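For reference, the structure discussed in these notes is given below.
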Amino acid sequence: MNTAQQLLFNTRAAFKSGITLPVEWRIEQLNRLLDLLNENENALLDALHKDLRKPKLESIETELIVVKNEAINAIKNVQTWSKPTYPSKAFVQMIDSVYILKEPYGVVLVMSAWNYPIQIIFSQLVGIIASGNCAIIKPSELSPVTSELMSKLIPQYLDKECFRVYLGGIPETTVLLKERFDMIMYTGSSMVGKIVMKAAAEHLTPVILELGGKSPVYVHKDSDLKLVAKRVVWGKFLNLGQTCTAPDYILCHNNVVDSLIDELRKTVEEYFGSDPKESPDLARIVNARNFKRIESIMSATPKEKLAVGGETDESALYIVLNAFAESFKYIFFDVLLYFIFGKMTLSTAPTVYKDIQLGDPIMEGEIFGPILPVLAVNGADEAVEIINSQEKPLALYIFAKSDKVGCNVSYLKPPPPFLLSCTSSGGVTVNDVLMHAASHNLPFGGVGNYGFILFFYHYLDIIQHLDSCSPGNSGMGRYHGKYTFDALTHEKPVVYRGQNFESLLSARYPPYSEKNLSM
Ligand code: NAD
């Protein structure tokens, strides 16, 4: 057996022992996870700073508090979530007991991204523990300090047999993906999502794919532009644009596009000063490969379109050594690099481009960095056309004072334009950004099919928009709060029938020809 096989064998043995089944055990594990977060807060914040130069407040708000709320919510509710439910009975079940049992799948493989390394893994782990599953956790090799720390802390606090961390890069993950898990929960790029789904298909393993994409912002002409700039600049440049739900591009009404650019410029300066590379409130780009990728998007965009920012700050030596470390794919090279060159920045100033067209290179893929293109549109109708010509996004943001533009869902008589009901996306926040993804009482995930949009277009009788509508690359499945519990739970229907009342039931047996079952 190789290491991956051994790991899975041992974890499955722990699951089969039944240790995860009592709800009291799950609550105890969830409390230990809370202890892990509380007792190691400084170490976790420090690791995030080393990996991504995340500002402390940002890490607390977007990583630690999110997970603590998830854990507290699960501790409070897991008893109720785990109870059988009793649906109403059909006529033929009148003599039976009918209920739905909540059954864990078994061993879940968690494969995660580097951008919110603590929030994503621990939030998913909360749901895994609450639902009685075991897990093998594969953190990202691109956030090596945080990954190493998690690999130390998780076995210190949680059951060592049930929850195991597996460190490694692409070769190690490729080996791991050959094994048969009971569920794969993957967070990362759409490209690797396809690799994961192919590997899962070999064993018909169910998957939850939390992917990315280009999340648009529409700004209507009646908006308070100062407010739009404050909210969009915050959400876009949080973690230096490396957020899956970050606004990717702005579609702004023609009449107000120049004023919006002015407000964006003022707000960037207000938040990060005139020399953003000196700002302690900006994270850094994760590694040299991503830095080069962002630089190449910038060099493919004409200089005259630059409206804000544009400066890059690289350490040539860091780039060379990071590329060397990546070619060897060993985490300790990255860790070593941090300790030698950690103080050096690898950063791009918050940057805004104006006069962008749909066919420009900047509009080709997810930006996932601190660059914000602005496209001028004639109004919400054109914004709908553009949004529906792209992959279904993970998030959509609408800024408008008028309900008719943003959130009119009375689809039986809506006057166009009405962005919310004419587009499909993983989630929507109206007049702010990121907020629908920040709470454990809402499901979070992408949208990978046509179903929803077909339904709405049918009623709205504006079928012409469908011509250009494409399927989603933002993922499938959803989580956060009870939705994670549900995603990781098999709802097993049970009909419990006694051995009496046979005469009542015998009408169903052959030979049928002697029976009159006319209804
Ligand atoms: P990634 O897909 O490169 O890596 C994610 C995981 O896959 C890592 O653990 C990595 O080791 C593994 N991996 C990478 N290449 C692999 C390969 N060839 N074979 C097997 N495993 C491989 O993604 P990333 O760069 O870490 O994250 C960025 C992407 O993730 C962005 O697109 C972003 O939008 C998305 N994201 C989505 C969410 C969400 O919740 N929807 C959250 C965070 C990030």
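Every condition in (1) part of a helix (DSSP H, G or I); (2) under 21 Å from the mean Cα position of the chain (by Cα); (3) modelled with pLDDT under 90 holds for Ser421 except the one numbered (2). Counting only residues that are surrounded by fewer than 20 Cβ atoms within 10 Å (Cβ to Cβ), among the small types (Gly, Ala, Ser) and touching a Pro at 6+ places or on another chain (Cβ under 9 Å), segment 43-75 holds 0 of them. Considering only residues that are touching a Ser or Thr at 6+ places or on another chain (Cβ under 9 Å) and assigned to a helix (DSSP H, G or I), which ones fall in segment 208-230? Selection gives Leu225, Lys226, Ala229, Lys230.
Scanning segment 232-263 for residues that are in contact with a Lys or Arg (Cβ under 6 Å, 6 or more places away or on another chain), more than 16 Å from the ligand (Cβ to nearest atom) and not in a strand (DSSP E or B) yields a count of 4. Restricting attention to segment 181-195, does a residue exist that is more than 18 Å from Glu391 (Cα to Cα), part of a helix (DSSP H, G or I), near the ligand (Cβ under 7 Å from one of its atoms) and modelled with pLDDT of 95 or more? Yes, there is a match, as at least one residue in segment 181-195 is more than 18 Å from Glu391 (Cα to Cα), part of a helix (DSSP H, G or I), near the ligand (Cβ under 7 Å from one of its atoms) and modelled with pLDDT of 95 or more. Can you tell me which of Ala200, Ala229 is more than 10 Å from the ligand (Cβ to nearest atom), closer than 30 Å to Arg26 by Cα and not basic (Lys, Arg)? Criteria check complete, one pass: Ala200. In summary, Asp159 fulfils each of the numbered conditions (1) part of a helix (DSSP H, G or I); (2) closer than 25 Å to Ala14 by Cα; (3) touching a residue at least 24 places away in the same chain (Cβ under 8 Å) with the single exception of condition (1). Checking every residue in segment 7-21 against the condition of being buried (at least 20 other Cβ atoms within 10 Å of the Cβ) and within 24 Å of the chain's Cα centre (by Cα) gives zero matches. Of the residues making up segment 198-205, none is touching a residue at least 40 places away in the same chain (Cβ under 8 Å) and either touching a helix residue (DSSP H, G or I) at 6+ places or on another chain (Cβ under 8 Å) or closer than 24 Å to Asp51 by Cβ (or both). Taken together, Asp96, Asp159 contain a single residue that is surrounded by fewer than 18 Cβ atoms within 10 Å (Cβ to Cβ) and more than 16 Å from the ligand (Cβ to nearest atom), which is Asp96. Any chance segment 79-86 includes a residue that's outside the structural domain of Lys277 (by the TED database), over 23 Å from Val494 (Cα atoms) and not in a loop (DSSP other than H, G, I, E, B)? No: segment 79-86 contains no residue that is outside the structural domain of Lys277 (by the TED database), over 23 Å from Val494 (Cα atoms) and not in a loop (DSSP other than H, G, I, E, B). Candidates in segment 460-486 are the residues that are surrounded by fewer than 18 Cβ atoms within 10 Å (Cβ to Cβ) and among the charged types (D, E, K, R); of these, the one that is modelled with the highest pLDDT is Asp486. Here Thr205 clears all of (1) under 30 Å from Ile261 (Cα atoms); (2) assigned to a loop (DSSP other than H, G, I, E, B) except the condition numbered (1). Restricted to segment 287-354, the set of helices (runs of 4 or more DSSP H) holding at least 1 residues that are at pLDDT 60 or above comprises 288-299, 331-341. Just checking, does segment 61-81 include any residue being under 15 Å from Phe163 (Cβ atoms) and of a type in the set (Val, Ile, Thr)? Among the residues of segment 61-81, at least one is under 15 Å from Phe163 (Cβ atoms) and of a type in the set (Val, Ile, Thr), which makes the answer yes.
Pairs meeting the criteria (first residue in segment 272-287 and basic (Lys, Arg), second residue crowded, with 16+ Cβ neighbours inside 10 Å and not in a loop (DSSP other than H, G, I, E, B), beta carbons under 6 Å, at least 6 apart or on different chains) are Lys277/Asp313; Lys277/Ser347; Arg284/Ser347. Of all residues in segment 163-173, at least one satisfies being touching a Lys or Arg at 6+ places or on another chain (Cβ under 6 Å), touching a residue at least 60 places away in the same chain (Cβ under 8 Å) and more than 9 Å from the ligand (Cβ to nearest atom).
The values are calculated or read from the model by the stated rules, or taken from the named source; none is laboratory data. Given the structure is predicted, the values throughout are model-derived calculations rather than measurements. No Cβ is skipped: glycine too gets one built from the backbone with ideal geometry, and neighbour counts run over all protein chains shown.
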